[in-house]
Amino acid sequence: MDAIRIPPPAELDALEDEHFRQVVRAFLHANYPEDLRNPPKRLHWAENKGWYLRLAEAGWLCPGWPKENGGLGLSPAKQIILTEEYERHGVARTNDHGIVMLGPLVIKYGTEEQKQRFLPKILTGEHIWCQGYSEPGAGSDLAALRTEAVLDGDHYVVNGQKIWTTLAMDANWIFLLVRTDKAAKKQEGISFLLVDMQTPGITVRPIINLEMHDEFCEVFFDNVRVPKENLVGQLNKGWDMAKALLGFERIFLGSPRQSAYALSRLKILAERMGVWEEPAFQDRYARLRLDLEDLKALYGTYVDRLKRGESLGPDVSMLKILQTELFQAITDAMLEIAGENAGLMEPMEGNRDLNIGGLYIQARPATIYGGSNEIQRNILSKNVLGMPG
Amino acid sequence: MSAAETDDRAESIRMIRDSAAAVAPRGGDLKRVRDLRWQDPGFDAGLFRQMGEMGWIGLRVPEALGGAGLGVAEMCGLAEELGAGLVPEPLIPCALSAQLLAACGGKGRLPALLAGDAVVLTAWQERADTLEVPGSPDAPRRFLPMAAGADVFLLPLREGGRLALYELPAERCAPAVERTQDGGNLGTLQPNLQDATKLADDVGTALADALDEAALVTAAYLLGGMERAFAMTLDYLKTRQQFGKIIGTFQALQHRAADVRMQVALTRASIDSAAAALDAGAAGDARRAAVSRAKARAAEASLRVTRECIQLHGGIGYTDDYDAGLYLRKAMVLANQYGSASLHRRRFMAASPEVEE
Ligand SMILES: Cc1cc2nc3c(=O)[nH]c(=O)nc-3n(C[C@H](O)[C@H](O)[C@H](O)COP(=O)(O)OP(=O)(O)OC[C@H]3O[C@@H](n4cnc5c(N)ncnc54)[C@H](O)[C@@H]3O)c2cc1C
């Protein structure tokens with residue numbers, strides 16, 4: 001194979017798609033740490049810092065950001081190719097909330113001063129962000145959030161609690177949805193605030209999840225003073241801004257790669273368990289495989305729409321539902337054919353990728369986060385099908 | 001059975017269930033269970049002894065051999081209560097060993113086992129997802145539940161056309177132990193025949209029968225667990241508010257809860273009828289069909305129900321602090337023990353000829 005030259009970051013967006021794909025593969029081969037491929041759990045900063053900084057150094061950290069902000073300026077279609085190749089290679093997620101959520105939001109709604117202040121620090125890995133939206137009383141009904149920010153001179157004083165904040169223990173900044181007007185309709189009294197986690201009055205308490213991993217946290221705010229200029233966008237317009245980010249999140253949650261990975265594990269496991277040749281298993285596998293192929297085809301139609309520069313409607317919820325439930329169905333099948341191995345904590349001996357119980361557990365929250373599948377179905381039935389009520 | 005006998009029987013089952021409260025208090029918390037997780041041996045030896053004193057290990061062993069001489073329905077009732085409390089002590093595999101030793105006339109360590117002084121595990125399994133016992137002399141025995149706490153192993157060995165039974169002290173052949181999702185462990189034993197003492201010449205039938213019962217009792221344990229997890233979920237649906245409403249008012253969730261309820265009802269009906277069949281002396285294919293039907297149902301339903309319970313809770317269901325996850329993990333471990341749903345479906349079809357209309 002001819003060695004593929006990796007062009008400077010500024011030239012990547014101009015490459016033809018297939019060539020770009022080859023470049024991404026070559027980049028991963030040359031740069032991605034072998035021992036971090038397909039890690040069984042979400043990595044902490046201490047574990048993925050090396051890779052994050054390598055990406056930063058190469059200028060590859062923020063594929064979706066415009067070039068003038070230090071990104072690669074890739075089209076949505078190219079970003080999807082990049083994601084596909086990352087997933088194919090087994091690249092772990094980094095502490096990416098600054099890259100995929102906060103950065104794009106600041107680019108779209110932030111002041112020039114805010115862009116200067118925050119974007120470069122994401123690009124160097126100096127600021128690691130986490131997402132403080134959900135609260136104990138505000139999950140599916142996010143607009144019911146109660147953490148409040150009250151103006152006191154040049155500062156907002158924040159009081160309240162966030163929960164399920166992924167990797168908050170690794171982050172030094174948090175972006176918050178806070179209530180700034182208690183009298184208004186609930187969506188209309190919410191603002192978007194950036195908070196340095198070193199500020200006095202913030203307490204982070206890790207929560208152990210079902211993977212027995214400290215991945216999400218509770219974050220408490222007790223009279224936390226936040227400079228006024230850390231408010232992004234207009235006062236009381238935080239809800240609209242946060243919502244604008246969601247559509248893009250959903251197509252990424254609908255990427256079939258997670259299911260494709262699980263299906264490849266199912267095949268290995270079936271061979272190992274001696275059931276691969278069984279007609280009953282073949283039928284079940286074929287059904288899952290076809291579900292995957294059809295999901296890919298459906299996903300492709302959305303990618304094409306993005307390529308044509310169209311924006312996606314609420315029907316993108318379908319992708320999120322189909323992908324996450326397929327992922328679960330595959331891990332269910334793994335559990336069912338694994339016999340007693342299904343109950344083991346560690347991967348099956350002889351294959352560190354065959355982490356049956358781990359994958360089964362990991363697949364559970366996919367139907368909860370990013371808008372639960374019940375909420376996605378509500379969106380489909382109301383906003384797409386026009387059901388009354 | 002006469003009406004009076006039926007009443008007596010129901011009373012006996014009720015008493016056994018009530019006695020389980022000593023170990024797994026109804027409505028009690030799961031602190032004890034949590035504290036034992038992933039701590040060798042994964043259970044409390046003192047409590048195992050208490051189970052012996054209460055007559056549970058020998059519940060199915062004839063009175064003449066020191067057991068309680070009770071029926072399968074009593075054993076299932078007990079297991080259900082223990083499942084609701086996620087009791088980790090290895091009652092089911094030890095009761096299997098007790099039945100096996102009783103079948104050979106009360107040999108070996110039966111008295112110590114019945115008293116709960118010795119944890120005796122039967123090392124019958126040579127591969128995953130099977131109920132077959134090849135009895136190979138040198139094959140490692142796999143998936144021994146709570147092997148980290150075993151005192152004695154019973155080793156079935158093929159000799160000629162028969163399965164002989166040997167006893168092996170655990171201190172002479174420490175098993176390799178792997179941790180399981182529920183906080184327990186599974187052992188692999190490399191049999192060392194030099195240290196084995198022969199107990200009996202032919203235990204093939206007794207072992208097959210005991211494995212059947214263990215499968216059914218495991219189904220009952222799973223039933224207890226899924227019912228408790230579902231009760232917890234119903235409570236949550238009736239109290240958690242979002243969008244200014246109790247989430248249980250959303251019809252999408254109401255239907256999901258109704259579906260779960262039906263799975264629980266089917267599982268209970270399947271187990272109760274199987275236990276009744278065994279107590280009435282069902283043998284051969286009829287017995288195998290009844291057991292396999294119940295275990296297939298319980299395995300599938302317990303996984304499905306516990307998954308639903310997590311989903312219906314939202315984020316809190318995905319935390320280790322919340323108990324719903326403990327039931328999910330237990331189902332992951334037990335669903336396939338003594339045969340997966342798929343194994344039992346196959347076995348059912350082999351044992352149960354189609355009824356001609
Ligand atoms: C692994 C993980 C990581 C997360 N990371 C973050 C993070 O970094 N930052 C952050 O802010 N949040 C995060 N979350 C929170 C996530 O967004 C919420 O868990 C989710 O929005 C659901 O809210 P909830 O947990 O309060 O459940 P609830 O909203 O209480 O839902 C409970 C159940 O009711 C159902 N339900 C609710 N309303 C309706 C309705 N109207 N119709 C039908 N069914 C309904 C739900 O689908 C669910 O089954 C994370 C969650 C998980 C599991």
Worksheet item: Scanning the range A:325-376 for residues that are free of Cβ contacts under 8 Å to residues at least 60 places away in the same chain and among the acidic types (Asp, Glu), which turns out farthest from the other protein chains (Cβ to nearest Cβ)?
Response: A:Glu325
Item to complete: Would you be able to say whether some residue in the range A:163-182 is over 24 Å from the mean Cα position of the chain (by Cα), within 14 Å of chain B (Cβ to nearest Cβ) and loosely packed, with under 15 Cβ neighbours inside 10 Å?
Response: no
Worksheet item: Tell me, which residue of the range A:328-376 that is at pLDDT 95 or above and charged (D, E, K, R) is nearest to the ligand (Cβ to nearest atom)?
Response: A:Glu374
Item to complete: Examine the range A:272-284 for a residue that is more than 14 Å from every other protein chain (Cβ to nearest Cβ), among the small types (Gly, Ala, Ser) and in a helix (DSSP H, G or I), and state whether such a residue exists.
Response: no
Worksheet entry | Criterion (at positive phi and out of contact with any Cys (no Cβ under 9 Å at 6 or more places or on another chain)) met by exactly one of B:Gly284, B:Gly315, B:Gly248 | B:Gly284
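When you check A:Lys108 against the structure, is it under 21 Å from A:Phe20 (Cα atoms) and touching a residue at least 40 places away in the same chain (Cβ under 8 Å), yes or no? Break it down into steps so the answer makes sense when it comes.
Values: under 21 Å from A:Phe20 (Cα atoms): no; touching a residue at least 40 places away in the same chain (Cβ under 8 Å): yes.
No.
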Worksheet item: Just checking, which of A:Glu215, A:Glu249, A:Glu211 is outside any helix (DSSP H, G or I), within 14 Å of the ligand (Cβ to nearest atom) and in contact with a Gly (Cβ under 9 Å, 6 or more places away or on another chain)?
Response: A:Glu211
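Taking B:Ala164, is it free of Cβ contacts under 8 Å to residues at least 60 places away in the same chain, in a loop (DSSP other than H, G, I, E, B) and among the aliphatic types (A, V, I, L, M)?
Working: free of Cβ contacts under 8 Å to residues at least 60 places away in the same chain: yes; in a loop (DSSP other than H, G, I, E, B): no; among the aliphatic types (A, V, I, L, M): yes.
No, not satisfied.
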Worksheet item: Among the candidates A:Arg225, A:Arg205, which residue alone is surrounded by fewer than 19 Cβ atoms within 10 Å (Cβ to Cβ) and within 15 Å of the ligand (Cβ to nearest atom)?
Response: A:Arg205
Discussion item. Could you list, ordered by first residue, the pairs with Cβ atoms under 7 Å in which the first is in the range A:130-158 and away from chain B (no Cβ under 12 Å) and the second is near the ligand (Cβ under 8 Å from one of its atoms) and of a type in the set (Ser, Thr, Tyr), at least 6 apart or interchain?
Written reply: A:Cys130/A:Thr165; A:Cys130/A:Thr166; A:Gln131/A:Thr165; A:Gln131/A:Thr166; A:Gly132/A:Thr165
Fill in: Odd one out for A:Glu278, checked against (1) in contact with a Gly (Cβ under 9 Å, 6 or more places away or on another chain); (2) at pLDDT 95 or above
(1)
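The values are calculated or read from the model by the stated rules, or taken from the named source; none is laboratory data. A quick note: this is a predicted structure, and the numbers were derived from the prediction, not measured. Backbone-built Cβ (ideal geometry, glycine too); neighbour counts: all protein chains shown.
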